[in-house]
Each structure stands twice: as structure tokens, then as C-alpha cells.
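The values are calculated or read from the model by the stated rules, or taken from the named source; none is laboratory data. These numbers were taken from a predicted model, which means no experiment stands behind them. Cβ placement follows ideal geometry from the backbone for every residue including glycine, while neighbour counts extend to all protein chains displayed. Note: areas computed on protein heavy atoms with side chains; ligands, DNA, RNA excluded. Shrake-Rupley method; radii C 1.70, N 1.55, O 1.52, S 1.80 Å.
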Amino acid sequence: MSPATTEERLADKLAFLRRPQTYPGGRGDVEARETHMSWVFLDGRCAYKLKKPVCRPYLDYSCLRQRRLMCEREVRLNRRLADWVYVGVAALVRDAAGNLALRNAGEALDGQVVEWLVQMRRLPDDLMLDHAIRHDAVREADALRTATHLATFFAKAPGVARTADAHVRSLRRLLAEHAAAIDSAVATAGLRSLHAGHVRDRLSRFLDTDRALVEERVAAGRVIEGHGDLRPEHVFLGEPPAIIDCIEFSRELRIVDPLDELAFLTMECTLLGAGRWGELFLQVYLQKSADHAPQMLMQFYMGLRAFLRLRLALGHLADTQDPQHWADRARQYLALAERFAP
């Protein structure tokens, strides 16, 4: 199958999913949101996520079978923290007349399946943590309820069988991968003023001189299979609370210290000018789990996560119509990495 044919078929699917008549009721506009690896279509009640047919070193969505497996995995993993949000796996089919049709999760697949979709209940934007922060509308009671929901998950999650040395090696590998990707993107984009080598060196030095802080976390059974992408835009403050969009394509990226996850959330809240909400989530977790958070370790985790986000921001430069936005965002993440890296 040629790339052109693949694109044509993808274009047909996207056009079909943009139509209000595609969805039950067929009323109102359909909002389409493109992310780096997917398209999300929002009708009045539900959200449908279509994974782009792409292959990267860290994920493979290239074939229909693999996309089905990833949709099923996404639903299963996200039900841990958002069971009522994730309806199931829906499908696009070609019916007997050769027309595209949507089959919601649980419906009979009376036709040839041409695409699989994650079907979710639509969450109101104004109750997502990032939106609420931007509009100075976070209510402490909502944040506490959601933080307790997350802390309960962390407290009940079993420790992962992994040696301390293996976990430190994993962190070193991630740091090296981030640094190589950053150097390549900076060179390609010609952003000579964006120097990140000193941040890499500081994070690497921490793993040389203070690795015992990481090893103690592993020895205490604190490293779990978590969420992997705990950012404010994935935190729903409504009732019941929910945390959505965990990483489904890599178990390795879900093997984390809860302090790492909460450092990520705090760093991203800081970027939005409201680090205190991330700190609230951290304090609720510490109380719920009778855990403690060494300052140097938290600084390392926040610095490493800012370094990751710097890498991803730079990665967007090659496939965006707004490179200035991502160059500015990269500089913001570099500033945070410089601020937090021990």
C-alpha cells in the first residue's frame, strides 16, 4: 500500500469523523483536536480518539491490528484512574453499501473494520486543572478531592520488581536520550542561543553523587506502574474526579516513583504560574502514604521532567505551522530545568 493511498484513507476517516451526522443524534458541531500522535473528535457527549498511523522508536501505531491493541490497552490502563470516563473501544466500519459508519463500544461490528477508536465520555474543559489554573478558578475542595483520588491510587499500587541499579540505569538512559534529541533539534533548528548541556551535566552529576536517594525509593517499594504523563491537562476536578490519558505505549515510561509523577505535575503547574496546586497534590500523597519527599530528589525529578518537556517542545518544531510558539515554549522549559536541576 502506497503512502498516498494510506493518506487518502486517513483523510476519508478524518472527514467522516468531522461530520455531526456521524454521531448518535447528529446535532451540533464536532470539534476536532490534533495532538502529536492522534486526532480527538468531540461531539456533545463523547470524545473519540483516533491514533495516527505512525511508527516511532518508542511506539508503533503503523498497522490496524497494532492500533486496536493500543486502543484496548489505553482503555484498560486508564480505567485505573478514570473508570467512568473510558467507555471502551469503538470502530469505523465499511458497511454493506461501502459507506463508512461508526460503531460505538459494545455495538455489533456489522461491516469491515477500517479503524479503531478510544471512546470516552466528554469532560468539560473548565473542570480540567490547566483550564482552571489559567482562569484562576481552582477550588480547593475540588483539588483536595482529586488529589485524594490520585493519592489513593498511589498508596494501593504494588511496588514493581526492579533492582535499584536497574532503575538508576533507566533514568540515565532517559537523560541521555533527552540530551541527544535536544542537541539534534537545536542544531537542526539553528537555535544557537538554546544551550542545555549544563542542565544535562547537573542532572547526570546528581545520579553520580546522590543516587542513594533514588536507590532508597526502589528499596522501599515506592517505584510502581503509574500514569507516566501526569500533567494539569489530564487532571479532571469534577465529581467524580479522574486522571486521564496515561501513557499506554510504553510500560517502561509508566514505571515511576510517585514523587517523580508529582514533581512533573508541580513543574507543569509552576509553568502555568500556580505551583501551589502541584504542591497540594504532593502533600496529600505524603499524608496518605506516610511517605517523605527529599528536597534534592524532588529537584532532580522536576529538572529531569522539564528537560523531557524541552525535548518534546523542540520536537514540535519540525511538524508545526507555529515554530515560534514551540521555540518560546522550549525556552520556558529550559528555564525551568535550570531552576530546578540540583
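Below are the figures for this structure:
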{"quantity": "Verdict on LEU69 being over 16 Å from LYS51 (Cα atoms) and free of Cβ contacts under 8 Å to residues at least 24 places away in the same chain", "calculated": "no"}
{"quantity": "Residues that are of a type in the set (D, E, K, R) and assigned to a loop (DSSP other than H, G, I, E, B), drawn from region 217-242", "calculated": "ARG222, ASP229, ARG231, GLU239"}
{"quantity": "Region 284-297, residues that are part of a helix (DSSP H, G or I) and either without any contact (Cβ under 8 Å) to a residue 12 or more places away in the chain or closer than 13 Å to THR152 by Cα (or both)", "calculated": "VAL284, TYR285, LEU286, GLN287, LYS288, SER289, GLN295"}
{"quantity": "Of all residues in region 303-327 being small (Gly, Ala, Ser) and at pLDDT 95 or above, the one that is surrounded by the fewest Cβ atoms within 10 Å (Cβ to Cβ)", "calculated": "GLY303"}
{"quantity": "Flag if LEU77 is in contact with an Asp or Glu (Cβ under 6 Å, 6 or more places away or on another chain), surrounded by 14 or more Cβ atoms within 10 Å (Cβ to Cβ) and farther than 25 Å from ASP322 by Cα", "calculated": "yes"}
{"quantity": "Strands (runs of 3 or more DSSP E) wholly inside region 1-114 that include at least 3 residues being within 30 Å of MET128 (Cα to Cα) and at pLDDT 90 or above", "calculated": "31-34, 38-42, 46-51, 86-94"}
{"quantity": "Residue check for VAL118: crowded, with 18+ Cβ neighbours inside 10 Å and touching a residue at least 12 places away in the same chain (Cβ under 8 Å)", "calculated": "yes"}
{"quantity": "Any hit, region 261-273, residues being surrounded by 22 or more Cβ atoms within 10 Å (Cβ to Cβ), β-branched (Val, Ile, Thr), at negative phi and free of Cβ contacts under 8 Å to residues at least 40 places away in the same chain", "calculated": "yes"}
{"quantity": "Pair list, Cβ under 6 Å, 6 or more apart: region 87-106 residue crowded, with 16+ Cβ neighbours inside 10 Å, other residue aromatic (Phe, Trp, Tyr)", "calculated": "VAL89/TRP116; ALA91/TRP116; LEU100/PHE16"}
{"quantity": "In region 24-51, residue surrounded by the most Cβ atoms within 10 Å (Cβ to Cβ) [restricted to those that are in contact (Cβ under 8 Å) with a residue 40 or more places away in the chain and over 16 Å from the mean Cα position of the chain (by Cα)]", "calculated": "TYR48"}
{"quantity": "PHE300 open to solvent by less than 20 Å² (accessible area, probe 1.4 Å), touching a residue at least 60 places away in the same chain (Cβ under 8 Å), closer than 15 Å to HIS178 by Cα and in a helix (DSSP H, G or I)", "calculated": "yes"}
{"quantity": "Among residues of region 161-216, those that are closer than 15 Å to LEU308 by Cα, outside any helix (DSSP H, G or I) and open to solvent by 50 Å² or more (accessible area, probe 1.4 Å), counted", "calculated": "1"}
{"quantity": "Extreme residue, least open to solvent (accessible area, probe 1.4 Å), among residues of region 280-294 that are in contact with a helix residue (DSSP H, G or I) (Cβ under 6 Å, 6 or more places away or on another chain) and not hydroxyl-bearing (Ser, Thr, Tyr)", "calculated": "PHE281"}
